[in-house]
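Novice: Here it is, the structure, as structure tokens.
The values are calculated or read from the model by the stated rules, or taken from the named source; none is laboratory data. Bear in mind that the values here come from a model prediction, so they are computed numbers and not experimental data. For neighbour counting, all protein chains shown are included, and Cβ atoms are generated from backbone atoms with ideal geometry for every residue, glycine included.
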Amino acid sequence: MIPEGQAVYLHVGGQTTGAEDHVVYLAANRAGLRRAGYGLCCFDPLGTGAESLAGGMPGPGADDVAVAACAARLAERFAPDRRAGPQGFAISAPDLAGPMAEILIGRFHPNARLRARALRQALGQPVERLVLMVQPYEQLFHAVWMALALDRPIDPFADYAPALAAFQGGWADLAEALADELQARELIVQAVPVSAAQLQTVLLPGVALRQPVQPLPRPRVTPGAVAMAQRCMAQGLRLQPGQRDRLVAFHSRQPQHRPETGFSALALSDLRGRYVADLDMIARWSGAHVVGAPLPALAAE
């Protein structure tokens, strides 16, 4: 049975903003959160494997029956962790909005509303606090390309730049869809990077872990690691997970060249302006708070 009065706290987004470290930290501190009275469910931030949301979410154009079926599967998965949290239930689902690959073709999570609807039905109640991690569009697009390029042959980033410069949707559209469908009482948009421990306090303010576990942070994917991985794949070599991790760790310690954005000066200015305008729009909503929003005047630069 779900504890009476249980509140739900949800972390979404930022698959390329340290989400992997956030999920690992929360999962490592599951026992401490339970002692504090909170249940926890974490999903794979890359949206792959058995611990991802990928297989349990409705596809584009799904009808009410399909959404309800997805919700039922999610509710069953949540049940053990919800029962363990009399004070609240926390979910870390960085890929709730949709897979990263959608972004590279200029579509900013078009199925996010349906996916959020399935989650809301699975929970059976509104979300108390929704924490959405964001980053500037040009940084997001290049980070998504690097994350994908580490595991598959892919065209140069510059080939995707024209579609990305004219992408559809954005952070404001995504935040609106998620907040509406989840009936979020409070929306926190985190526009500056935070550590995994800081994310836990943003998600669950007032919950202090007595002896938090501090997992080692994973090395960041760098242009050097991506270039080497692409050369290996071009030669028909496939890196195994352990080999890939060692490659990323090695190159994370090496000097890196500044990657080309792939965007013209005009396109880059427009992307930055759209980012500032989106966060400014969100900040005006009732119940929304943007942490670290750039000044609106920067949109004109």
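Novice: Restricting attention to the range 228-238, and to residues there that are surrounded by fewer than 13 Cβ atoms within 10 Å (Cβ to Cβ) and among the small types (Gly, Ala, Ser), which single residue is farthest from residue 143 (Cα to Cα)? Before the answer, list the steps.
Specialist: Initial filter on the range 228-238 (surrounded by fewer than 13 Cβ atoms within 10 Å (Cβ to Cβ)): 231, 234-238.
Retained after the next criterion (residues that are among the small types (Gly, Ala, Ser)): 234, 236.
Details: 234: 21, 236: 24 Å.
It comes out as 236.
Novice: Same structure again: Condition first: assigned to a helix (DSSP H, G or I) and either over 15 Å from residue 16 (Cα atoms) or of a type in the set (Phe, Trp, Tyr) (or both). Now tell me which residues in the range 121-145 satisfy that.
Specialist: 121, 122, 123, 137, 141, 145
Novice: What are the pairs with Cβ atoms under 7 angstrom where one residue, in the range 11-22, is under 11 Å from residue 218 (Cα atoms) and the other, located anywhere, is modelled with pLDDT under 85 and assigned to a loop (DSSP other than H, G, I, E, B)? Sequence gap at least six, or different chains.
Specialist: Once the first residue is under 11 Å from residue 218 (Cα atoms) and sits in the range 11-22, its partners that are modelled with pLDDT under 85 and assigned to a loop (DSSP other than H, G, I, E, B) give 19/45; 20/45; 20/218; 21/217; 21/218.
Novice: Pull out all pairs, ordered by first then second residue, where Cβ-Cβ is under 6 Å, the residues are six or more apart or on different chains, the first lies in the range 72-83 and is within 18 Å of residue 52 (Cβ to Cβ), and the second is part of a helix (DSSP H, G or I).
Specialist: Going by the 6 Å Cβ cut-off, the qualifying pairs are 73/56; 74/56; 74/122; 75/122.
Novice: Next up: Specify the residue that is surrounded by the fewest Cβ atoms within 10 Å (Cβ to Cβ); the eligible residues are those in the range 3-30 that are over 14 Å from residue 90 (Cβ atoms) and of a type in the set (Val, Ile, Thr).
Specialist: Across the range 3-30, the extreme among qualifying residues is 24.
Novice: For residues in the range 63-83 being in contact with a helix residue (DSSP H, G or I) (Cβ under 6 Å, 6 or more places away or on another chain) and crowded, with 16+ Cβ neighbours inside 10 Å, which is farthest from residue 201 (Cα to Cα)?
Specialist: 67
Novice: Report yes if some residue within the range 55-69 is in contact (Cβ under 8 Å) with a residue 60 or more places away in the chain, assigned by TED's automatic domain parsing to the domain that holds residue 160 and in contact with an Asp or Glu (Cβ under 8 Å, 6 or more places away or on another chain); otherwise report no.
Specialist: no
Novice: Still on this structure, I have one more. Run down 273, 206 and say which single residue is closer than 30 Å to residue 163 by Cα, assigned by TED's automatic domain parsing to the domain that holds residue 94 and either exposed (fewer than 14 other Cβ atoms within 10 Å of the Cβ) or not hydrophobic (A, V, I, L, M, F, W, C) (or both).
Specialist: Selected residue: 273, the only one of 273, 206 that is closer than 30 Å to residue 163 by Cα, assigned by TED's automatic domain parsing to the domain that holds residue 94 and either exposed (fewer than 14 other Cβ atoms within 10 Å of the Cβ) or not hydrophobic (A, V, I, L, M, F, W, C) (or both).
Novice: Which helices (runs of 4 or more DSSP H) does the range 210-292 wholly contain that include 1 or more residues that are under 30 Å from residue 189 (Cβ atoms) and among the acidic types (Asp, Glu)?
Specialist: Filter on the range 210-292 gives 265-283.
Novice: It is to be established whether one or more residues within the range 108-115 are assigned to a helix (DSSP H, G or I), touching a Pro at 6+ places or on another chain (Cβ under 8 Å) and charged (D, E, K, R).
Specialist: Here is the first cut: in the range 108-115, the ones assigned to a helix (DSSP H, G or I) are 112-115.
Remaining after also requiring touching a Pro at 6+ places or on another chain (Cβ under 8 Å): 114-115.
Of the ones still in play, those that are also charged (D, E, K, R) are 115.
Yes: the range 108-115 contains one or more residues that are assigned to a helix (DSSP H, G or I), touching a Pro at 6+ places or on another chain (Cβ under 8 Å) and charged (D, E, K, R).
Novice: A further question on this structure: Quick one: which residue in 118, 112 is in contact with a Cys (Cβ under 6 Å, 6 or more places away or on another chain) and either free of Cβ contacts under 8 Å to residues at least 24 places away in the same chain or closer than 23 Å to residue 179 by Cβ (or both)?
Specialist: Every option except 118 fails the conditions.
Each row is one residue, and each column tells you yes or no for (1) in contact with a Lys or Arg (Cβ under 7 Å, 6 or more places away or on another chain); (2) under 29 Å from residue 6 (Cα atoms).
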{"position": "126", "(1), (2)": "yes, yes"}
{"position": "131", "(1), (2)": "no, yes"}
{"position": "135", "(1), (2)": "no, no"}
{"position": "151", "(1), (2)": "no, no"}
{"position": "154", "(1), (2)": "no, no"}
{"position": "168", "(1), (2)": "yes, no"}
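Novice: If you go through the range 239-248 one residue at a time, do you hit one that is surrounded by 13 or more Cβ atoms within 10 Å (Cβ to Cβ), farther than 29 Å from residue 196 by Cβ, out of contact with any Ser or Thr (no Cβ under 8 Å at 6 or more places or on another chain) and at pLDDT 85 or above?
Specialist: no
Novice: Can you tell me which residue in the range 1-53 is nearest to residue 215 (Cα to Cα), limited to those that are out of contact with any Asp or Glu (no Cβ under 8 Å at 6 or more places or on another chain), β-branched (Val, Ile, Thr) and in the same structural domain as residue 170 (by TED's automatic domain parsing)?
Specialist: 24
One line per residue, one yes/no per condition, for (1) among the hydroxyl-bearing types (Ser, Thr, Tyr); (2) at pLDDT 95 or above; (3) within 23 Å of the chain's Cα centre (by Cα):
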site: 23; (1), (2), (3): no, no, yes
site: 39; (1), (2), (3): no, yes, yes
site: 42; (1), (2), (3): no, no, yes
site: 45; (1), (2), (3): no, no, yes
site: 48; (1), (2), (3): yes, no, yes
site: 54; (1), (2), (3): no, no, yes
site: 73; (1), (2), (3): no, no, yes
site: 82; (1), (2), (3): no, yes, yes
